[in-house]
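For reference, the structure discussed in these notes is given below.
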Amino acid sequence: TKSDVRNAVTMVESCLTEAPNNCDNPEGLPTGVAVTGSNDGTPETYVVTKTSNGRSFTITKTGIGVFARTCNTSGEGGCNSTGGW
């Protein structure tokens, strides 16, 4: 699940260099991954999430080169005690 999210971020970043207003569903996006915010003309911010078996892993781009990794099951399933990964 985490690898799908990481791979999707790589795909979105690549897409944004070519078509910055059409990257919420890049070709080859892993199944179950949702991308939001990349189509609004601001490639500096977007959110990529995948939920599986009740566990959600998210990477949020909050600025140029600034990414936050969060999850919803603190302390279990690959999520650290502070809700990050």
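Numbers at a glance
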| read-out | value |
| --- | --- |
| 222 nm mean residue ellipticity, helices alone, for the chain (DSSP H n ≥ 4; -39,500 (n - 2.57); rounded to 500) | -6500 deg cm²/dmol |
| Distance-filtered residues of the stretch 1-36 - backbone nitrogen under 15 Å, label point 7 angstrom along SER52 Cα→Cβ | 1-9, 29-34 |
| Where no second cysteine Cβ lies under 4.7 Å, the cysteines concerned in the chain | none |
| Equivalent-ellipsoid semi-axes of the chain, from the Cα gyration tensor, Å, largest first | 23, 14, 9 |
| C-alpha long axis of helix 2-18 to longest principal axis of the chain, angle in ° | 10 |
| Cα-projected label distance for ARG6 with ILE64, points at 7 Å along beta-carbon direction, nm | 2.6 |
| Cα centre as origin, Lys/Arg/Asp/Glu Cβ charges: the chain dipole, Debye | 360 |
| Label point distance in nm, ASP40-ASN72, each placed 7 Å from Cα along Cα→Cβ | 2.1 |
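Bear in mind these aren't lab numbers, they're just calculated from the coordinates by the rules spelled out. Predicted model only: the values in this text are computed from it and were never measured. Backbone-built Cβ (ideal geometry, glycine too); neighbour counts: all protein chains shown.
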